[in-house]
Amino acid sequence: MSAPAFLPFARPVIDEATIARVADVIRSNWIASGPNVLAFEQALSDYCGGRPVRSLTSATVAMEVALQLCGIGPGDEVITPAQTFFAGANMITKVGARPVFVDCDPVTRNLDLEQAAAAITPATRAILPTHFLAPLDHARLYALASAHGLRVIEDAALAIGSRYPDGVAVGARGDLVAFSFHPNKNITTIEGGALVVGDAREAARVEALRFHGIHRLPDGTRDVDVAGGKYNLSDVSAAIGVAQMAQLEGFVARRRMLAREYLRLWSAEPACVLPPDVEGHSWNMFAVLLPLERLTITRQEFVGLMQAQGIGVGISYEACHLATLYRNQGWRAGQFPVTERIARETVSLPLFAAMTEADVARVCAAVAAILAAHAK
Ligand SMILES: Cc1ncc(COP(=O)(O)O)c(C=O)c1O
């Protein structure tokens, strides 16, 4: 019998109709930003309850532009979780401000809002939290922000398709919201991102910040009043995005079904600490904690054994404050025990919309066999 195909931990789902659409866009010769970018932004705005949305080349630059929109720079502090991807803290640093890390909730892995409140100083200008294993607690987050006059930049890189408990989509309420359309995310534009903003003035500012700071003068010439970047999405990517937006709800429903299959198979004997089953969550990843204290193998060895069985495993995320850049700013091991435990023990098991229930069963069986074979 031939070995089963390699099962990656994440994979985009791009159908033949979308590929044909991309070919049409390329043949049209209008391949940089054009009508598909406008159509994609309209679809995103419709999804976000009519709020203005501008596409960009990644969630990372969406957060950079968001920080610039807020006028955040040297001397300012931004509160952000230590248990997230490096992008948010890096962009805070890049605009010259200081990331102030706080720990996360052990179950949802979202920013611990009590610790966030305690970290506010006169220099705090914004909170930059990540929607991780559940939508953020919107009411508490925004109550805290408005009590202190802070902006909020939601890192919703993982969360397109997530809904709050009242059914409102992540992105449809709040301050600034950054989405990612990297191939590992719930929908993809190859690389890409978007920023949801408050009004037309902010949207115009994003347009300038993503394209050299240029605006047109009445005589048809161009002027620049801010050192903008070059972060506009191509029409080829946007055409993929338009097709993916039409499939978002189906992709998310499928992710939910597969996640619940993992939870069902492990309902009696969870092999690991399982993620919470939160209504409305869009399940970008199925992240568990390994019981390393009961094993004779390291996490790296576990990942290698899974790979040997043809199953990919991801790690999301390292402890951000312990990266060299942030250690050099004075952050130390021991400051955020929940983050540091997750960083040591977490693995993301395969989850993407094109997976089957049989794939889930294969992963569960492989994990259970490895843990049983290497129990202390
Ligand atoms: C939580 C989080 N934020 C931001 C990003 C960055 O997204 P992008 O690759 O679109 O810049 C990622 C990417 O993995 C992420 O996981």
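If you go through region 210-226 and keep only what is more than 25 Å from V25 (Cβ to Cβ) and in contact with a helix residue (DSSP H, G or I) (Cβ under 9 Å, 6 or more places away or on another chain), you end up with H215, V224, D225, V226.
Checking each residue in region 142-157 for being assigned to a loop (DSSP other than H, G, I, E, B) and in contact with a Phe, Trp or Tyr (Cβ under 8 Å, 6 or more places away or on another chain) picks out only A157.
Yes or no: A10 more than 28 Å from D225 (Cβ to Cβ), within 16 Å of the ligand (Cβ to nearest atom), not assigned by TED's automatic domain parsing to the domain that holds S237 and not in a helix (DSSP H, G or I)? It is true that A10 is more than 28 Å from D225 (Cβ to Cβ), within 16 Å of the ligand (Cβ to nearest atom), not assigned by TED's automatic domain parsing to the domain that holds S237 and not in a helix (DSSP H, G or I). Considering the conditions (1) within 16 Å of the ligand (Cβ to nearest atom); (2) touching a Phe, Trp or Tyr at 6+ places or on another chain (Cβ under 9 Å), S33 is excluded by exactly one of them, (1). Taking region 43-141 as the region of interest, the helices (runs of 4 or more DSSP H) fully inside it that hold 1 or more residues being of a type in the set (D, E) and surrounded by fewer than 23 Cβ atoms within 10 Å (Cβ to Cβ) are 113-118.
Check region 290-300 and report whether any residue there is of a type in the set (K, R) and more than 25 Å from the chain's Cα centre (by Cα).
yes
Conditions (1) over 14 Å from Q83 (Cα atoms); (2) crowded, with 16+ Cβ neighbours inside 10 Å, marked per residue:
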position: G334; (1), (2): no, no
position: I342; (1), (2): no, yes
position: L349; (1), (2): yes, yes
position: E357; (1), (2): yes, no
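If the condition is being of a type in the set (S, T, Y) and either part of a strand (DSSP E or B) or within 13 Å of C272 (Cα to Cα) (or both), then region 345-369 contributes T346, S348. Taking region 322-344 on its own, how many of its residues are touching a residue at least 60 places away in the same chain (Cβ under 8 Å), of a type in the set (S, T, N, Q) and in a helix (DSSP H, G or I)? Number of matching residues: 1. Just one of (1) surrounded by 20 or more Cβ atoms within 10 Å (Cβ to Cβ); (2) of a type outside the set (A, V, I, L, M, F, W, C); (3) within 18 Å of the chain's Cα centre (by Cα); (4) not in a loop (DSSP other than H, G, I, E, B) fails for R256. It is (1).
Among the residues making up region 202-220, those that are part of a loop (DSSP other than H, G, I, E, B), in contact with a strand residue (DSSP E or B) (Cβ under 6 Å, 6 or more places away or on another chain) and either within 16 Å of the ligand (Cβ to nearest atom) or at negative phi (or both) are R210, L217.
Kindly establish whether V25 is more than 26 Å from I190 (Cβ to Cβ) and assigned by TED's automatic domain parsing to the domain that holds P129. The answer is no for V25.
I need the full set of residues from region 82-101 which are within 23 Å of A159 (Cα to Cα) and within 14 Å of the ligand (Cβ to nearest atom), in order please. Within region 82-101, A82, Q83, T84, F85, F86, A87, G88, A89, N90, M91, I92, P99 qualify.
For region 276-311, the set of residues classified as closer than 14 Å to A373 by Cβ and part of a helix (DSSP H, G or I) consists of R294, E301, F302, G304, L305, M306, A308, listed by residue number. Select, from A118, A134, the only residue that is hydrophobic (A, V, I, L, M, F, W, C), without any contact (Cβ under 8 Å) to a residue 24 or more places away in the chain and out of contact with any helix residue (DSSP H, G or I) (no Cβ under 9 Å at 6 or more places or on another chain). So the residue among A118, A134 that is hydrophobic (A, V, I, L, M, F, W, C), without any contact (Cβ under 8 Å) to a residue 24 or more places away in the chain and out of contact with any helix residue (DSSP H, G or I) (no Cβ under 9 Å at 6 or more places or on another chain) is A118. Looking only at region 166-201, filter to residues that are part of a loop (DSSP other than H, G, I, E, B) and among the small types (G, A, S); which one of those is nearest to the ligand (Cβ to nearest atom)? It comes out as G192.
Filter region 116-143 down to the residues that are over 24 Å from R256 (Cβ atoms) and either at pLDDT below 95 or of a type in the set (D, E, K, R) (or both) and list them by number. Across region 116-143, the qualifying residues are R125, R140. Only residues that are without any contact (Cβ under 8 Å) to a residue 24 or more places away in the chain and hydroxyl-bearing (S, T, Y) were counted across region 1-27, and they come to 1.
The values are calculated or read from the model by the stated rules, or taken from the named source; none is laboratory data. Note that the structure is a prediction, hence the values are computed from the model and not measured. Note that we place each Cβ from the backbone using ideal geometry, even for glycine, and neighbour counts take in every protein chain shown.
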